[in-house]
Amino acid sequence: MYAQIVQFARSLRQLDHCLDKAIAYATSRKFDVNVLAGSRLAPDQYELARQVQSACDSAKLAAARLSGKDVPKHPDNEKTIEELKARIASVLRILDGFGEADFVGSDDRPVRMSWLPGKVLRGRDYLVEFAAPNFFFHVTMAYAILRHNGVELGKLDYIGPLTTREA
């Protein structure tokens, strides 16, 4: 379970990197980067700001639910790219506060979801069936919105650098 929290943090760092590239793109094209915060791929889809907020919430709530700990709430009032970057930084500080020991027994820990009244998921099922797919959906949509709007992003901007060693 802890490895997945580490992966969430890594992906949020890459999302922050993508926002940095959006700032550079807007600067080079001489437009207000914050226009991108309200951009979306389809009329009935979340805008970039909400995608980032949802990715952040998915990561910190997964860590909280799987560890049995509480995490701070965010008011979801970010409107600018810099505010979204601050949100990511805040969630990274939260995730960095968890360790492997926090997830002992989390495979079978009951996880309650407000939209599933009277039901629980086992921790492992929650992570595999909901938390991880939901997190990566929102990160991917944020990437796609930026890419759709012309920000020069590639696969490695999404994946990030690899930790290699000499063979």
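Points to keep in mind about this one:
- Residue tally, condition modelled with pLDDT under 95 and of a type in the set (Asp, Glu), over segment 45-92: 1
- Among the residues of segment 78-121, those that are assigned to a helix (DSSP H, G or I) and over 24 Å from residue 48 (Cβ atoms) comprise 96, 100, 101, 102, 103.
Residue-wise test of (1) under 13 Å from the mean Cα position of the chain (by Cα); (2) crowded, with 17+ Cβ neighbours inside 10 Å; (3) at pLDDT 95 or above.
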residue	(1), (2), (3)
94	yes, yes, yes
106	no, yes, yes
116	no, no, no
124	no, no, yes
128	no, no, yes
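- Subset of segment 20-38 [surrounded by fewer than 18 Cβ atoms within 10 Å (Cβ to Cβ), within 12 Å of residue 151 (Cα to Cα) and touching a Leu at 6+ places or on another chain (Cβ under 8 Å)]: 21
The values are calculated or read from the model by the stated rules, or taken from the named source; none is laboratory data. Just so it is clear, the structure is predicted and the values come from calculations on it, not from any experiment. Cβ atoms come from the backbone with ideal geometry, glycine included; neighbour counts cover every protein chain shown.
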